[in-house]
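Pasting a structure below so you can have a look.
The values are calculated or read from the model by the stated rules, or taken from the named source; none is laboratory data. Just so you know, these numbers come straight off a predicted model, no measurement behind them. Cβ coordinates were reconstructed from backbone atoms using ideal geometry, including for glycine residues, and neighbour counts include every protein chain displayed. The area values use the complete protein model at the heavy-atom level, side chains included, leaving out ligands, DNA and RNA. Shrake-Rupley method; radii C 1.70, N 1.55, O 1.52, S 1.80 Å.
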Amino acid sequence: MSDSALPFNVSDDPFPNKIRGTFGRFVTNESHELHFIQSQIPIGKIHWLMTSSQAFDISTVDFEQLIQRDIDWERVQTIVDSYLKAGKNRVIFFPPLLVSVLPVDENNAPLNTFTKVDEDVKNKQIVRTFDSTRFQVSLPISDGWTGSESLCKGETYKIFDFGTLFEYNPSSVRLVVIDGQHRLSALKKLSESKEEESKRTVKNINVPICIVFSPDAIEGAKNEESIVKDLRELFVRINTTSKLVSGHFITLLKDNSLSSLAVRSMADIWKSRGLRGYDHLHLMEWNQRETRRASQVQRPYSITTVSIVGDALESYLFDTKPNRTRHFLALEEIEEKLMVNGESYSIGTISEENFHPNQAEILQARIKEIIAPSMDVLFSEPEPYKRCADEFLKATEWLDSEIGKGTKGAESFKADVLGQHRSCNKLDPTFIKPVEEEFESRISQGLADIPRTYFFNMFQNGYIQGWCRFATLGMRYGLNLRDCAIALVGGLNGRFFSPEAGIASPARSYTQRVLFNGDRIILRQGAKDQWTNLVLLSLLSPRSIEHFEKALGTLDHLSDESRSALLTAVLVLAKTASDDFFSEFRDRTEADYEKSWRDKDLDETLLSKLEELSEKDDEESKEEFHSQISKLTTRRVEDAKAALSNVLLIRKEILE
């Protein structure tokens, strides 16, 4: 295309960056169209392409945009060493990088929609211009049949799709790679290297790209299409069909998942909560790439992970049991809004992934209003989690002091490690690691008296399930979900979360075989239910009830009558949880005795009797053997109840 064919003078060109390629379109969810241009750019223009971390300042984006910015630099180095450098004198080939066209505002923050899209026919081209000066796509018109057509102002034109020109203004548009970030980073690392040999490795490369944009994401349009949402959906489709993505990211990026929407909303609250130059999001792990590590906290200052919270919400709050989601989200209040059209799901059938896309935005707003603030209470207000945040802040004070002293590595650790919400890896300069070790050591020392149990996946699943069970009760008496979180945490801070009580310690006799085997936490599904029971039964403690009543007192809308009735109902709930806990404890203890009675520290006379009975095959001996095992079990159960009653500061009879 010659300069004379352009619809403006080169000197006034608002679109200095130009890429020629082949135009195409495909349909995403619910008939939303994405347009794409397949092309390539020389390595000398690789700086036109950006990863999210390069394109946006972390402080200007919300969590939904932040989750697509993480780069695994160890993986980048592997690509450099194992493929690019090793490919000397051989063909180097990459699949196309998937590049999104993202408009930005004056603060360099990504926008969800365009203000307007103008289209016209000029110089035998269909010309579409987005927001006047963001970017422009020109499709050459043919007089004869080419096999490709495009609609413009109600008229269909034959086009040369391979002659498409994409032009953009880099001051108001970012070309962000949403798939292939590590390939891009590897190419940039070599092309920008100070080593001539590294530069020569890639100097003749033309990088294949596929530029994608959302032509119908226009402000005020009835389709309510969103640029970020469309691209996130595309990212998930690519990564779930071609390769496995870390549990964190596949949880976070799913738009057809209520638990994902809830976790993202909770993370946004934590990201916006400043901690003296840092933010609360440092206390949640969200960018772990190894699936096996995604469901356990990896850092001493992490309270939880997105995978733990997401899995628990999916299991206990948004699961497919009839009307559970309807109940917790109080969907009757927004039923009219949810009935968008004839394809909308009824409020009684909505659950984790069972809702229509036209209901997603309404449900997300509901989750932001109800679920996210509740989860914030559950993971911010318990004493162990408050302590974790306090110790993190103390460590940052030390870090800022070290930066002020000019300590080597301190400023880099704050900016490049904490600032990127990650941990050090082997590619970081060696002088950063000692700073991280001292930073984490200070936090660990400050939390030495806090049982790590509270940070375990199994406990947090049981904890969230306990909240859901309590909420089922509390909502009958006029509490909303956040009220239920406030009341429950208030009660648990009275005794369960008290470090000196040690209620959840593996050293307690009543936790063995139901929650722990020795010092090792039990990972079977049923153990989560037992954590729930232990959480709820702790409300039998007078100290728990005292704190519970105090928390209820902060809820002005609750009448005295409702408060009294709820308190009675809570004690019934706690006693039921106690009965269930010790029923399971008895079953597990009896099974353990039957299997391993020879290994127990039993009286020699009893051991001899059991040995004798076990060798006989008659029914009377079998019954007597089981009777003896039952007696041992009963004694163990009674001892366990006595131990728990001492911890709860109640009479043992209350547990009977």
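Residue-wise test of (1) more than 24 Å from Q54 (Cα to Cα); (2) open to solvent by 30 Å² or more (accessible area, probe 1.4 Å).
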| residue | (1), (2) |
| --- | --- |
| L363 | yes, no |
| R366 | yes, no |
| P382 | yes, no |
| E391 | yes, no |
| K405 | yes, yes |
| A410 | no, no |
| S423 | no, yes |
| D428 | no, no |
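Please identify the pairs in which a residue from segment 641-656 that is crowded, with 19+ Cβ neighbours inside 10 Å has its Cβ atom under 6 Å from the Cβ atom of a residue that is of a type outside the set (V, I, T) and modelled with pLDDT of 95 or more, counting only partners at least 6 apart or on another chain.
If the second residue must be of a type outside the set (V, I, T) and modelled with pLDDT of 95 or more, the pairs left are L644/Y510; L648/L540; L648/S541; L655/S578; L655/K641; L655/S645.
If I filter segment 516-530 down to residues being under 12 Å from P451 (Cβ atoms) and without any contact (Cβ under 8 Å) to a residue 40 or more places away in the chain, which single residue comes out as surrounded by the most Cβ atoms within 10 Å (Cβ to Cβ)?
Out of the qualifying residues, it is F516.
Continuing with this model, one more query. Being open to solvent by less than 10 Å² (accessible area, probe 1.4 Å) and assigned to a loop (DSSP other than H, G, I, E, B) is the filter here; which residues of segment 297-345 pass it?
Residues satisfying the conditions are Y301, S302, I303, L317, F318, L329.
From the list L6, L49, pick out the single residue that is modelled with pLDDT under 65 and more than 24 Å from S257 (Cβ to Cβ).
L6
Keeping to segment 477-507, report how many residues are under 21 Å from L649 (Cα atoms) and in a loop (DSSP other than H, G, I, E, B). Give the steps one after another, and end with the answer.
To start, the set of residues in segment 477-507 that are under 21 Å from L649 (Cα atoms) comprises 487-507.
Remaining after also requiring in a loop (DSSP other than H, G, I, E, B): 495-507.
The qualifying residues number 13.
Same structure again: Mind checking which pairs have a first residue in segment 310-338 that is closer than 21 Å to L252 by Cα and a second that is assigned to a helix (DSSP H, G or I) and of a type in the set (G, A, S), Cβ under 6 Å, 6 or more apart or different chains?
Final answer for the pair search is G310/S259; L313/S259; L313/A262; E314/S259; F318/S259.
Here's something else I'd like to know. With respect to the numbered conditions (1) within 36 Å of the chain's Cα centre (by Cα); (2) without any contact (Cβ under 8 Å) to a residue 12 or more places away in the chain, which one is the sole condition not fulfilled by I545?
(2)
Here is a further query. Only one of D617, D603 is surrounded by fewer than 11 Cβ atoms within 10 Å (Cβ to Cβ), acidic (D, E), modelled with pLDDT under 90 and more than 54 Å from the chain's Cα centre (by Cα). Can you tell me which? Outline the logic, then answer.
Details: D603 fails: more than 54 Å from the chain's Cα centre (by Cα).
Testing whether each residue is surrounded by fewer than 11 Cβ atoms within 10 Å (Cβ to Cβ), acidic (D, E), modelled with pLDDT under 90 and more than 54 Å from the chain's Cα centre (by Cα) leaves just D617.
Still on this model: Among all residue pairs at least 6 apart or on different chains, which show Cβ distances below 9 Å where the first residue, located in segment 194-218, is closer than 17 Å to V176 by Cα and aromatic (F, W, Y) and the second is open to solvent by less than 80 Å² (accessible area, probe 1.4 Å) and assigned to a loop (DSSP other than H, G, I, E, B)?
Correct list of pairs: empty, since none qualify.
Shifting gears a bit: Which residue pairs have Cβ atoms closer than 6 Å, lie 6 or more positions apart in sequence or on different chains, and pair a first residue in segment 145-172 that is farther than 18 Å from N123 by Cα with a second residue that is assigned to a strand (DSSP E or B) and among the hydrophobic types (A, V, I, L, M, F, W, C)?
S148/I159; Y168/F135
Could you tell me whether Y510 is open to solvent by 40 Å² or more (accessible area, probe 1.4 Å) and aromatic (F, W, Y)? Break it down stepwise before answering.
Working: open to solvent by 40 Å² or more (accessible area, probe 1.4 Å): no; aromatic (F, W, Y): yes.
Here the answer is no, as Y510 does not meet what is asked.
Then there is this: Given the conditions (1) part of a helix (DSSP H, G or I); (2) touching an Asp or Glu at 6+ places or on another chain (Cβ under 8 Å); (3) surrounded by fewer than 19 Cβ atoms within 10 Å (Cβ to Cβ); (4) touching a residue at least 40 places away in the same chain (Cβ under 8 Å), and given that N533 satisfies all but one, which numbered condition is not satisfied?
For N533, the failing item is (3).
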